[in-house]
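Chemist: Okay, here's the structure, questions in a sec.
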Amino acid sequence: MTATAPPVRLAVVADPDDRPAWQRAERIADQLALPLVTGGDAVPGAFDLLLDVDADCIGLREANRPRSRPLVIDLVHMSRMFRPTAGGRDPLVRAVGPLRENRTVADATAGLLRDAFRLACRGYCVTALERSPVLAVMIEDALARAAAGGDRRVREALTRLSFLHGDACDHLARLADSQRPDVVYLDPMFPPRRHPALLKKDIRLCRLLAGDDTDADRLFMQARAVARRRVVVKRHPHVPPIAPDPSHRIHSKMIRYDVYVTSA
Ligand SMILES: C[S@@+](CC[C@H](N)C(=O)[O-])C[C@H]1O[C@@H](n2cnc3c(N)ncnc32)[C@H](O)[C@@H]1O
């Protein structure tokens with residue numbers, strides 16, 4: 001949980017009759033300092049979110065929606081949406097800029113790893129950073145599953161993707177000059193909606209875990225100080241830029257990318 005995240009009652013759930021799953025759940029509950037309960041103990045009202053652990057997969061679900069499918073970060077499924085041939089038209093790629101000049105990207109707000117993995121599929125070398133400990137566990141689970149899986153294209157993309165759990169601001173501030181990325185990419189949480197129940201499940205769960213990213217300005221300042229060529233900020237189309245005068249903007253249907261060129 002982060003300094004900006006709201007308090008959420010969270011538990012790890014596993015089946016005690018499934019030995020490998022239960023042992024894995026014990027390790028994760030220990031690491032996250034969370035209670036470990038059985039499915040029977042996870043009664044509605046006792047917790048807000050449940051981290052479902054089995055031997056080879058971790059999923060997150062809302063405790064009050066027992067029938068809903070857990071949210072699982074599935075890179076093989078994601079890779080089907082990122083066909084290499086469509087790369088040139090991808091607004092995220094247009095915002096990050098040509099691969100030959102903008103090869104290394106620090107994604108300082110990894111979340112569910114979608115944008116980081118999308119960029120890795122498109123050929124960029126990406127370091128993804130996430131500060132929520134629960135999301136970090138889910139990301140590490142997703143990376144391990146994908147690396148062990150049989151999809152060659154996914155495994156090839158993973159050679160360009162590394163993940164670090166921690167605060168991106170601190171990480172960027174510690175980089176030596178030779179380690180500075182060409183691009184820093186930021187996707188802070190969009191402003192809260194009046195009716196959170198109408199948000200898509202992945203966004204709703206991510207917000208419950210990570211909060212509102214109220215310190216995004218500080219991260220932007222650090223990103224601007226470090227990026228060799230540009231900072232890209234994903235925004236809701238109706239909210240103002242995080243800082244005045246982006247160098248240019250890329251508009252797509254539901255989002256806008258504000259690009260701040262940092263190279264001379
Ligand atoms: C909207 S989500 C990002 C979604 C992501 N782009 C994706 O494709 O799945 C924002 C995430 O940024 C993370 N975050 C915000 N500020 C951060 C920081 N300073 N360091 C690390 N992670 C941060 C939050 O914890 C949250 O998970």
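The values are calculated or read from the model by the stated rules, or taken from the named source; none is laboratory data. None of these values were measured; they are calculated from a predicted model. Positions of Cβ are backbone-derived with ideal geometry, glycine not excepted, and every protein chain shown enters the neighbour counts.
Chemist: From the residues in the range 130-172 that are among the acidic types (Asp, Glu) and free of Cβ contacts under 8 Å to residues at least 12 places away in the same chain, which one is farthest from ASP52 (Cα to Cα)?
Modeler: Among those that are among the acidic types (Asp, Glu) and free of Cβ contacts under 8 Å to residues at least 12 places away in the same chain, it is ASP170.
Chemist: Further, regarding this structure: Please pick out the residue among ARG100, ARG94, ARG131 that is more than 18 Å from ARG230 (Cβ to Cβ), assigned by TED's automatic domain parsing to the domain that holds CYS206 and among the charged types (D, E, K, R).
Modeler: Testing whether each residue is more than 18 Å from ARG230 (Cβ to Cβ), assigned by TED's automatic domain parsing to the domain that holds CYS206 and among the charged types (D, E, K, R) leaves just ARG131.
Chemist: When the residues of the range 173-185 are narrowed to those that are under 21 Å from ASP217 (Cβ atoms) and in contact (Cβ under 8 Å) with a residue 40 or more places away in the chain, which ends up nearest to the ligand (Cβ to nearest atom)?
Modeler: Restricting to residues being under 21 Å from ASP217 (Cβ atoms) and in contact (Cβ under 8 Å) with a residue 40 or more places away in the chain, the top hit is TYR185.
Chemist: If I filter the range 18-40 down to residues being polar (S, T, N, Q) and within 18 Å of VAL134 (Cα to Cα), which single residue comes out as farthest from the chain's Cα centre (by Cα)?
Modeler: It comes out as GLN23.
Chemist: Another one. May I ask you to say which residue of LYS253, LYS234 is under 28 Å from ILE73 (Cα atoms) and either near the ligand (Cβ under 9 Å from one of its atoms) or within 20 Å of the chain's Cα centre (by Cα) (or both)?
Modeler: Just one listed residue meets the conditions, LYS234.
Chemist: Could I ask something else about it? Which condition number does ARG180 fail, the rest of (1) at pLDDT 95 or above; (2) touching a helix residue (DSSP H, G or I) at 6+ places or on another chain (Cβ under 6 Å); (3) more than 16 Å from THR127 (Cα to Cα) being met?
Modeler: Result: ARG180 passes all but (3).
Chemist: Among the residues of the range 228-255, what is the count of those that are surrounded by 18 or more Cβ atoms within 10 Å (Cβ to Cβ) and out of contact with any helix residue (DSSP H, G or I) (no Cβ under 9 Å at 6 or more places or on another chain)?
Modeler: Qualifying residue count, the range 228-255: 3.
Chemist: Something else: Among the residues of the range 131-156, how many are in contact with a helix residue (DSSP H, G or I) (Cβ under 8 Å, 6 or more places away or on another chain), among the small types (Gly, Ala, Ser) and under 16 Å from LEU112 (Cα atoms)?
Modeler: Number satisfying all stated conditions: 3.
Chemist: Taking the range 252-264, which residues are part of a strand (DSSP E or B) and free of Cβ contacts under 8 Å to residues at least 24 places away in the same chain?
Modeler: ARG256
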